[in-house]
Amino acid sequence: MARRGRKGAARPAPAWRGRSVLLRAWLVFIGVLLAFHIGVVAGGAGLRELASRFNAELTAAALALLGAGGRANGTVVTSSIFSAEIIFECTAAYVIAMWVAAVLAYPARWRPKLLGIALGIPALMLLNVVRLVSLFYVGAWWTEGFETAHLLVWQSLLVFLTVLLWLLWAATIVRRDEARTA
């Protein structure tokens, strides 16, 4: 929509007008990721160690359930098939931060956002355990492919699956909420 100047000449509307929802979404997304980063830095090594230990325990429990005799000693997981150290970057923390940022940035009511966060975080943690356990089997059966599976395949796949889960959330939970309140 053009605005009129003093002498009636049309002036273009500012570029940001009409894009405020998109701008707000980007600011929320970046703000949440920045807050996560600041929280990780402020939490220090203790927070990162706690997250790594928790993921090591989950991975060891999953390996034990599968009969591979998983045990966690701090951040090191040993099993009858493979051993590895779980560092903070191996946790689901970054994809969870991306998930929370994307859910909060989406223009929806608070109820579907909170439901998305409550369902998405455990789903991503479970997916990360599947990733870690599968990497133990890759390390045992295909040692030369471990780094490729770890650094290229699973990291890309985890981000892709997080985006796919977000699209599923937006298409189902948010749309159902919008239909119910309309």
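The numbers here are math on the coordinates, done by the rules we state, and not lab data. None of these values were measured; they are calculated from a predicted model. For neighbour counting, all protein chains shown are included, and Cβ atoms are generated from backbone atoms with ideal geometry for every residue, glycine included.
Show the residues, 5+ positions off or on another chain, whose built amide H is closer than 5 Å to the amide H of Val76.
Distant-sequence amide H within range of Val76: Ile86.
Could you tell me the distance between the Cα centroids of segment 45-73 and segment 76-136, to the nearest Å?
Distance between centres, Cα-based: 14 Å.
Hey, of [x] 43, 18, 15; [y] 37, 18, 14; [z] 41, 20, 11, which did the structure itself give for semi-axes √(5λ) of the Cα gyration tensor in Å when calculated?
[x]
Under 16 Å from a label point 7 Å along Cα→Cβ of Leu34: give me every residue in segment 100-115 with its amide N that close.
Flagged as within label range: 101-102, 105.
Can you give the extra length, in nm with one decimal, that the chain gains between Glu144 and Leu65 once fully stretched, where that is 0.36 nm per residue apart less the Cα-Cα distance? Spell out each step's value before the answer.
Values: separation 79, 0.36 × 79 = 28.44 nm, distance 2.60 nm.
Once the chain is fully extended between Glu144 and Leu65, it gains 25.8 nm.
Looking at the chain, identify the longest residue range that excludes and avoids all trypsin sites (Lys or Arg not before Pro) in DSSP loops having at most 16 other Cβ atoms within 10 Å.
20-108
Fully extended, how many nm does the chain gain between Gln155 and Ala118 (0.36 nm per residue separation, minus their Cα-Cα distance)?
Extra length available between Gln155 and Ala118 comes to 11.0 nm.
Once the piece of chain linking Arg24 and Glu178 is laid out straight, how much longer is it, given 0.36 nm per residue of separation minus the C-alpha distance between them?
Using 0.36 nm per residue and subtracting the Cα-Cα distance, I get 53.5 nm.
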